[in-house]
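No lab work stands behind these numbers, since they all come straight from the coordinates. All values reported here derive from a predicted model rather than from experimental measurement. So basically every Cβ, Gly included, is an ideal-geometry build from the backbone, and we count neighbours across all protein chains shown.
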Amino acid sequence: MSFSRAIKIAPSILAADFANFGAECRAVEDQGADWVHVDVMDGHFVPNITFGPATCAAIRPHIRGVMDVHLMIAPVDPYIEGFAKAGADFITAHMEAGPHIHRTLQAIRASGAKAGLALNPGTGLDGVENLLDMLDLVCVMTVNPGFGGQKFIDMTDKVQRLRALIGSRPIHIEIDGGITPDTAPIMARAGADVLVAGSAVFKGGSVADPAPYGANIRSIRAAAEGALGVAV
Ligand code: DX5
Ligand code: ZN
């Protein structure tokens, strides 16, 4: 997997049919998704529960490309090995999940996965500078984590400052929450390259009728690339 800042659309299966994850992952990839974003919630760090490593392992064979696992759990460290063994390409942990994010990121890299750091809307960039050498991705949350379908919180200033901090390092900037064809251009212009979208990708479609997934992915991508002046 070579590093690229090209726009990547990462559908969140939080908005998929939970009884049909395998088919949903295949459907969004067939319809043009670049990555598949997998939201793990524990009912403790966030007020919602989804699933754990066993479900991730079951989903893995149905994803051809990148499996991007977003851990909204605390503690994180006891579960890293489990998610790595489940086949996660990226494992992202929250800055707010505990006092030892440095140790957590070390453990993620040691597990063989790429390391991501997520920042809630209320969290600034303090401390990120000290972690840059251990990061493959920073996820800037544009909603408070826990649920799909929430209203976008504009983090333009944070993303612009993060983009400057990253410079030429091969670290992705991912945006998560409330991404639509209206909000994607704002974030792409600020410097994001991975756009997570749940409801805006899955709306109107199903495994039996996946074409709307493709139309939704194309319209988010076109809006983001249009903002960058990429020919679409
Ligand atoms: C929020 C999750 C997001 C969420 C995005 O806690 O981390 O990945 O699924 O969903 P939408 O795109 O509907 O805001
Ligand atoms: Zn997420």
Packing rank of 14-21, 128-135, 189-196, 61-68, where each peptide gets the mean count of other beta carbons within 10 Å, highest leading:
189-196, 61-68, 14-21, 128-135
Around LYS114: net Lys/Arg minus Asp/Glu count, Cβ-Cβ under 12 Å:
-3
Among 199-205, 89-95, what's the highest-first ranking by average C-beta atoms within 10 angstrom per residue?
89-95, 199-205
In the chain, what % of DSSP beta bridges are antiparallel (nearest 5)?
5
Debye, to nearest 20: dipole size of the chain, +1 on Lys, Arg Cβ, -1 on Asp, Glu Cβ:
320
Separation of alpha-carbon centers, segment 120-177 and segment 180-204, rounded to whole Å:
14
Separation of alpha-carbon centers, segment 40-97 and segment 207-231, rounded to whole Å:
26
On average over all directions, what projected area in square nanometres does segment 133-232 have, based on the convex hull of its Cα atoms?
7.2
Taking Cα pairs under 8 Å and at least six residues apart, what relative contact order does the chain come out at, in percent?
20
Do any trypsin sites (Lys or Arg not before Pro) in segment 149-181 lie in a loop, going by DSSP, with at most 12 other beta-carbon atoms within 10 Å of their beta carbon, and if so which?
LYS151
Quote the convex hull volume per residue of the chain, based on C-alpha atoms, as a whole number of Å³.
112
Students often check this: by mean Cβ neighbours within 10 Å, which of 110-117, 5-12 ranks highest, and how do the rest follow?
5-12, 110-117
Given only helices, namely DSSP H runs of n ≥ 4 each adding -39500 (n - 2.57), what is the per-residue ellipticity at 222 nm of the chain, to the nearest 500 deg cm²/dmol?
-9000 deg cm²/dmol
